[in-house]
Number of protein chains: 2
Amino acid sequence: MTLKTVRMALLFDFYGQLLTPRQQEFFALYYGDDLSLGEIAEHYGVSRQAVYDILRRSESALEAYDGKLRLVERELAQHRLLAEIESDLQKVIEMVQAGADAPAIVDLLSQTRRKLATASKVDEGRRDDV
Amino acid sequence: MTLKTVRMALLFDFYGQLLTPRQQEFFALYYGDDLSLGEIAEHYGVSRQAVYDILRRSESALEAYDGKLRLVERELAQHRLLAEIESDLQKVIEMVQAGADAPAIVDLLSQTRRKLATASKVDEGRRDDV
């Protein structure tokens, strides 16, 4: 997968439902099932150019939605935070199993709780507008 | 705040950027600043009915976006999970401070990690489509 394909898959995951049914179909065939423009054109009995235009318009629409709602960026930030919390918990388990001192364990757990509070806030970031 | 106001604030947080500038203005004044229809109408030199219509159309548009993207539902589910994980961590801290047995602590931490994995999955739920 190229970087563009990955980005388009992400955008489609978030905003695909806002495209027209035809846009969704072409998009899924091209980016999901890896069909060529020519194959999609033949299957639908339209020109290769028509398929190309619909795909370009779909990409622009998805980018425009993300320019406004920024869900991809927020998801990646959230994902990074949850991965960090997961790694903290793994470390706490190892400390407990190794019989580490209670204050050291509690200290790490307190840091983890603060990260968790940040994760809840990422969720609520857009709440500031109203 | 009425339940409807809370819901509208949530929807606006998620999808407000997709409304027209005028819709966003009226919406923020009515639901955010608690101005009356009459006050908004007077301020903008339009009829009370016009303000009413724009607000109703904005509400429908926001509900339509959420009907397709379901961000509110997903956010609430995510929020519940993070709150549960937070409460687990609090409990682990208490267990560690009370000198509980390592296996009991590790057991709870393992459950918490599984919940965390679910939280990451909620984030990626929409990834299944492509």
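The values are calculated or read from the model by the stated rules, or taken from the named source; none is laboratory data. This structure is a prediction, so every number in the text was calculated from the model and none was measured. Here the Cβ is made from the backbone with ideal geometry for all residues, glycine too, and neighbour counts use every protein chain on show. Surface areas here come from the heavy atoms of the whole protein model, side chains and all, with no ligands, DNA or RNA. Shrake-Rupley method; radii C 1.70, N 1.55, O 1.52, S 1.80 Å.
For the range B:8-40 and the range B:72-120, compute the distance between their C-alpha centroids and round to whole Å. So the separation of the two Cα centres works out to 37 Å. Dipole size of chain B about its Cα centre, with +1 on Lys/Arg Cβ and -1 on Asp/Glu Cβ: approximately 360 debye, rounded to the nearest 20.
Summed over qualifying helices (DSSP H, 4 residues or more, each -39500 (n - 2.57)) and divided by its residue number, the protein assembly as shown shows a 222 nm mean residue ellipticity of -25500 deg cm²/dmol. In the assembly of identical copies, B:D33 has its label point, taken 7 Å from Cα in the direction of the beta carbon, separated from the corresponding points by 5.2 nm (ascending, one decimal).
The relative contact order of the range A:3-69, computed from alpha carbon pairs under 8 Å that lie at least 6 residues apart in sequence, is 38 percent. With the label put 7 angstrom out from Cα along the Cα-to-Cβ vector, A:T20 ends up 2.2 nm from the copy partners, going from closest to farthest.
Shortest first, B:A104 label-point distances to identical copies amount to 2.3 nm, with the label point at 7 Å from Cα along Cα→Cβ. Normalising the Debye intensity of the protein assembly as shown to I(0), with uniform scatterers on Cα atoms only, and taking log10 at q = 0.09, 0.16 Å⁻¹ returns -0.58, -1.11.
For chain B, the number of Lys pairs separated by eight or more positions or lying on different chains, with C-alpha atoms closer than 28 Å, is 5. For the range B:3-69, the extents of the C-alpha atoms along the principal axes are 35, 20, 16 Å, listed from largest to smallest. The label point for A:A104 and the one for A:Q49, both projected 7 Å from the Cα toward the Cβ, are 7.1 nm apart. Would you compute the Debye intensity of chain A from its alpha-carbon atoms alone, equal scatterers and no solvent, and pass along log10 I(q)/I(0) at q = 0.14, 0.16, 0.17, 0.20 Å⁻¹ to two decimals? Each listed q corresponds, in turn, to -0.74, -0.84, -0.89, -1.07.
Summed over both chains, the area buried between A and B is near 4200 Å², taken from the accessible surface of protein heavy atoms with a 1.4 Å probe. Probe radius 1.4 Å, ligands and nucleic acids ignored: give me the carbon and sulfur share of the accessible area of chain A as a rounded percent. On chain A, the fraction of accessible area on carbon and sulfur atoms equals 51 percent. Extension gain for B:K121 to B:T2 (0.36 nm times residue separation, less C-alpha to C-alpha distance): 39.6 nm.
For the range A:72-129, the solvent-accessible area works out to 53 Å² per residue, with a probe of 1.4 Å and every protein chain left in place. Relative contact order, whole percent, for chain A stands at 22, derived from Cα pairs under 8 Å and 6 or more residues apart. For the range B:72-129, the ratio of Cα radius of gyration to the globular rule of thumb 2.2 N^0.38 Å stands at 1.36.
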